[in-house]
Amino acid sequence: MKETRTEWLKDAQLRLDRKNAFDASLVVGTARFNRDTGRDRMVRQPFAKFIDPATNLIQLDMTRSRVCPVCGAPPGRALFVKDGFRHVHCESCDLIYVSLILREDILTQYWREEMVWKSVLKSEPQLEMDILKFGYGLDLAAAYLGEERDLLDIGAGNGDFVLLAQERDWRAVAMELNLESAASLESAGIKVIVKSLELSDIAPGSFSLITMWEVLEHLTEPKTILYEVHRILPENGILLILVPNVGSLVTRLLHERSDTFGGHSHLNHFNQASLTKLLNLMGFEILEMETVITELGAINNYLSFADPYLGEAPPFSPTLTPDFIHENLWGSRLLVLARPAKRDPS
Ligand SMILES: [Zn+2]
């Protein structure tokens, strides 16, 4: 058993093969995936009608300003405005973030009514990829945890990760603030906590694994949740994080044309440096940091002057391979496994 675990962690080809299996641009092609999941029909700018033509920004009374949520530095150089939201670069920690974010009440209302994204996540081609991605992360975490099988999934959404974990004999609990999602999780027989982590009274050591699949980029104050995760995890517990990678090749090429930018919901854009800094500040040591999902289709399209997300350009260069992209941490998502370091958060 131990032998198998070591093999899995060290076998680069096996890991790459498993990553490629949930990389939609390689499996079904970018344009087809975007059409079949309904991404092409999504409303791209839900707050367009609130943009002040004088400033090109969302009306000021709907927003509030913030400093860098990782290092606390005041807003640095402005990079661009996307959909009415100003994106800035923190020169101290390398985070790219939205400096004027929607007020909490507007954001809450938005998420309560937001249904389009849920239908994307529930689409069959998306689910097929997600299940393989979730399985990959779960196996990676299990390799460090051995026989301990208790997990908390923060921001559980449709519950597909929790259901997969339960099928694989994990005791899995969901945390989900969206009331409608929480209700449907409960009706699927999943135990749900409908409170934020800092308001729930979870005892330290209750879970050996805490997962946050595409959560941290949405949070106004990512440190608050990480403080609580650190408090709850046992010494050998594992935190699994997946976030969009602003250091990815696709984002470096597309800049504001990248779908990852849309300031109403994606507030923080991490790369290797800023995510490492955040985790270290909050008392975690990193066990694994890698990228998944190349978005090679969008890269090939852009380099061939085609629409990045709906074009069907052939490969641009034989040197642009998944292997090459992931070796440089240029994939579109950062996948991190961390555990509490043997010191308190600063
Ligand atoms: Zn910073």
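The values are calculated or read from the model by the stated rules, or taken from the named source; none is laboratory data. Only a predicted model underlies this, so the values are computations on that prediction, with no experimental measurement involved. Cβ atoms come from the backbone with ideal geometry, glycine included; neighbour counts cover every protein chain shown. Heads up: the accessible areas ignore ligands, DNA and RNA and are worked out on the full protein's heavy atoms, side chains in. Shrake-Rupley method; radii C 1.70, N 1.55, O 1.52, S 1.80 Å.
Annotations for the structure displayed:
- Selection within region 51-75 - in contact with a Phe, Trp or Tyr (Cβ under 7 Å, 6 or more places away or on another chain), hydrophobic (A, V, I, L, M, F, W, C) and either away from the ligand (no atom under 16 Å from the Cβ) or not in a loop (DSSP other than H, G, I, E, B) (or both): Ile58, Met62
- The listed residues are Thr211, Thr220, and the only one of them that is open to solvent by less than 40 Å² (accessible area, probe 1.4 Å), modelled with pLDDT under 95, among the β-branched types (Val, Ile, Thr) and within 28 Å of Ser274 (Cβ to Cβ) turns out to be Thr220.
- Here region 147-200 is the region considered, the condition is being of a type in the set (Gly, Ala, Ser) and free of Cβ contacts under 8 Å to residues at least 12 places away in the same chain, and the residue that is most open to solvent (accessible area, probe 1.4 Å) is Ser187.
- Qualifying residue in region 299-315 (condition: at positive phi and open to solvent by 20 Å² or more (accessible area, probe 1.4 Å)): yes
- Which numbered condition Ile51 misses (of (1) more than 21 Å from Ser123 (Cα to Cα); (2) in contact (Cβ under 8 Å) with a residue 60 or more places away in the chain): (2)
- Taken over region 245-260, residues that are part of a loop (DSSP other than H, G, I, E, B) and in contact with an Asp or Glu (Cβ under 8 Å, 6 or more places away or on another chain) amount to 1.
- Screening Leu233, Leu239, Leu279 for residues that are crowded, with 19+ Cβ neighbours inside 10 Å and within 16 Å of the ligand (Cβ to nearest atom) leaves exactly one candidate, Leu279.
- Lone qualifier among Leu14, Leu9 - being among the hydrophobic types (A, V, I, L, M, F, W, C), part of a helix (DSSP H, G or I) and either open to solvent by 80 Å² or more (accessible area, probe 1.4 Å) or at pLDDT 90 or above (or both): Leu14
- Restricting region 112-142 to residues that are in contact with a Ser or Thr (Cβ under 8 Å, 6 or more places away or on another chain) and not hydroxyl-bearing (Ser, Thr, Tyr), the residue that is modelled with the lowest pLDDT is Lys118.
- If you go through region 68-95 and pick out every residue that is within 19 Å of Asn280 (Cα to Cα), of a type in the set (A, V, I, L, M) and surrounded by fewer than 16 Cβ atoms within 10 Å (Cβ to Cβ), you end up with 1.
- Residue in region 22-29 that is open to solvent by less than 40 Å² (accessible area, probe 1.4 Å) and outside any loop (DSSP other than H, G, I, E, B) present: yes
- Some residue of region 112-121 being more than 30 Å from Leu26 (Cβ to Cβ) and hydrophobic (A, V, I, L, M, F, W, C): no
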